[in-house]
Amino acid sequence: MVYSGLDFSNFFEFDIAPEVYSSLIVMLIICILSVIIGIKARMQDPLKKPKGLLHIAEIGVSYFENFVVDLIGPRFRGFGGYIMAVAIYLFISFIFGLTGLPSPITYFAIPLSLAFLTFFLIHATAVKYQKWSYFKRYVDPFPVFLPINLVSMWAPLISLSLRLFGNAISGWTLMTLIYLALESVSASIFTAVAEGLNSVFLAPLVTWILHLYFDLFSALIQTVVFISLTTIYVGQEGPEDVIE
């Protein structure tokens, strides 16, 4: 029996965005570095001062642990490991466009996924410490505010995801327009050079300065903002004595 309205020929075909492949490459890089550091840590003499990559890893662990403790208190000391992982992934993802491949952050599903992890941790922490009183927030100060409170609950998810995506896509858009403009100007000036080659002379002279801001500086700022907000949002759901 043939059903004319159904077509299963493309059922097993997946259309995966290039940014997802970039994200997988970033995660692979982080995994490889983690394995190398883990092997070095096992082989390291505990009586000797670590060097090289292992020393950098120890500095990073100490920094993010202190970062979390300073913001939300010692009760969340172990949360520093997660914040460190997110910070490394975010920073590498932002600057990944320098390789010529698309940055993972310019695909909205990826910033949304990172923001959703923060959203989940916020409410999981609230349930852990507040138990059943967690649900009281949705009917405060009066039960009639339930719809408004349910809508405002999603504010961190929306703001965090749009902040990451907006900054990444705006930087990508501006750099693309600048490259196109410089290629056009270069082609107009170097008319004696073969077509195709005459458009590449000006861009390397100008864009490296812009990349310092739109890629490196912006990546650092957005990473710091995201992990800071994530840490604060999660810490606010803990007991009062957590925040010092």
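Taking the longest Cα principal axis of the chain as reference, the axis of helix 109-130 is set at about 10 degrees.
For the chain, the solvent-accessible area works out to 64 Å² per residue, with a probe of 1.4 Å and every protein chain left in place.
Between Glu183 and Tyr213, the distance separating the two model label sites (each 7 Å from Cα on the Cα→Cβ line) works out to 2.3 nm. How high is the relative contact order of the range 70-175? Use alpha-carbon pairs under 8 Å, at least six apart in sequence, and give a whole percent. So the answer I get is 32 percent. Element breakdown for the chain at a 1.4 angstrom probe: carbon and sulfur atoms account for 72% of the accessible area.
Net charge near Ile95: determine it from the other residues with C-beta under 15 Å of the C-beta of Ile95, scoring Lys and Arg +1 and Asp and Glu -1. Mind showing how you got there, number by number?
Numbers: positive: none; negative: Glu19, Asp215.
It works out to a net charge of -2.
Per-peptide packing, taken as the mean over residues of other Cβ atoms within 10 Å, places 140-146, 168-174 in the sequence 168-174, 140-146 from highest down. The largest-to-smallest principal axis extents of the Cα set in the chain are 75, 70, 47 Å. Label-to-label distance for Arg77 and Cys31 is 3.1 nm, based on points extended 7 Å past Cα in the beta-carbon direction. Extension gain, Val224 to Gln130, is 31.0 nm, computed as 0.36 nm per intervening residue step minus the present C-alpha separation. Between the helical axis of 52-72 and the longest alpha-carbon principal axis of the chain there is an angle of about 50 degrees. Expressed as an acute angle from 0 to 90° and rounded to the nearest 10, what is the orientation of the C-alpha long axis of helix 80-95 relative to the principal long axis of the chain? Once rounded, the angle reads 20 degrees. Surface listing: Tyr107, Tyr134 arranged by accessible area from highest to lowest gives Tyr107, Tyr134, probe 1.4 Å.
Mean sequence separation of contacting Cα pairs (under 8 Å, at least six apart), scaled by the length of the chain, corresponds to a relative contact order of 26 percent.
Put simply, when 110-116, 212-218, 126-132 are sorted by average Cβ atoms within 10 angstrom per residue, most first, you get 110-116, 212-218, 126-132. When the surface is traced with a 1.4 Å probe over the full set of protein chains, His55 keeps roughly 60 Å² accessible.
The local environment of Pro156, defined by Cβ-Cβ distances under 15 Å, has a net charge of +1 under the rule Lys, Arg +1 and Asp, Glu -1.
The values are calculated or read from the model by the stated rules, or taken from the named source; none is laboratory data. Only a predicted model underlies this, so the values are computations on that prediction, with no experimental measurement involved. All Cβ positions, glycine included, derive from the backbone under ideal geometry; neighbour counts span all protein chains shown. Side chains included, ligands, DNA and RNA excluded: accessible areas come from the protein's heavy atoms. Shrake-Rupley method; radii C 1.70, N 1.55, O 1.52, S 1.80 Å.
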